[in-house]
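Bear in mind that the values in this text are calculations on the coordinates, not laboratory data. On a predicted model such as this, the values are computed, not experimentally measured, just so you know. Ideal geometry is used to build each Cβ from the backbone, glycine not excepted, and the neighbour counts take in all protein chains shown.
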Amino acid sequence: MKSLSWLKRHWPSLESLDLSFNRLPVSALCSLRVLRCLRVLDLSGNSLSQLPDDLSFLESLEKLSLAHNSLSSASAACNPNKLFVSLATLPRLSKLSLAHNQLAGLHLDDLLMLDRYHGQKGVMLALVKLDLSFNRIEGQERLMQALHFASLNVLKIIGNPLVVNSKPMTMMGH
């Protein structure tokens, strides 16, 4: 499946689309730009290791699942910081699943630098639910950058090899 532009011809007002387990290449995602009303997108199980740099063409997207892909903190092909910079171009994204990937933590360094440059306080301001279940997050310090998600109220970290040290996690220094 090289292009998904045929979807607009048949369903121009499509609000929800499940493309899970279709072996989509990352290049096919750009053809979703024709779906201006799309609010829910499931890209689970497509072996994606990266995303397009700019996803702002999905201007109405509120819920995105990237579960069961090949997103990795140790990727030689893609800097994991670029994943979150790309996701931050989705202005209405409120629910994000990155479950069942190979992420060792949140990689917000590049995103935080851009936000400081633009004078913003917080990143991905609409994000309220983040699922990082069944990744490779080994310690609470790898989750501390989640404090920058100002609206986050649900964080799922089930099935990670977390090691919690004896010091309590605090919001100080945030």
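Structure summary
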{"quantity": "Neighbour-count order for SER16, SER73, fewest beta carbons within 10 angstrom listed first", "calculated": "SER16, SER73"}
{"quantity": "Which listed pairs, of LYS63/LYS156; LYS8/LYS82; LYS82/LYS129, have C-alpha distances above 27 Å, in listed order", "calculated": "LYS8/LYS82"}
{"quantity": "Mean-position separation - Cα centroids, the range 29-48 and the range 126-162, in angstrom", "calculated": "23"}
{"quantity": "All-pairs Cα distance distribution in the range 1-118, expressed in whole percent, bin size 10 Å", "calculated": "14, 47, 32, 8, 0"}
{"quantity": "The chain, relative contact order in percent, only Cα pairs under 8 angstrom and at least six apart counted", "calculated": "15"}
{"quantity": "Environment charge of LYS63, counting only residues whose C-beta is closer than 12 Å and scoring Lys/Arg +1, Asp/Glu -1", "calculated": "-1"}
{"quantity": "Environment charge at GLY159 (Cβ cut-off 14 Å; Lys +1, Arg +1, Asp -1, Glu -1)", "calculated": "0"}
{"quantity": "Per-residue ³J(HN,Hα) for the range 22-33, Karplus 6.51 cos²θ - 1.76 cosθ + 1.60, θ = phi - 60°, Hz, x for Gly and Pro", "calculated": "10, 6, 6, x, 4, 5, 5, 5, 5, 6, 6, 4"}
{"quantity": "Exposure proxy order (Cβ contacts within 10 Å, fewest to most) of VAL26, VAL154", "calculated": "VAL154, VAL26"}
{"quantity": "For the chain, built as a Gaussian network whose Cα springs stay under 10 Å, the top-fluctuating residue of LEU96, LEU108, LEU17", "calculated": "LEU17"}
{"quantity": "Mean ellipticity per residue at 222 nm, deg cm²/dmol - from DSSP H runs of n ≥ 4 across the chain, formula -39500 (n - 2.57)", "calculated": "-3500 deg cm²/dmol"}
{"quantity": "FRET efficiency estimate (nearest 0.05) - Cβ-Cβ, GLU59 to ASP109, R0 25 angstrom", "calculated": "0.45"}
{"quantity": "Relative exposure of ASP54, ASP42, judged by other C-beta atoms within 10 Å (fewest first)", "calculated": "ASP54, ASP42"}
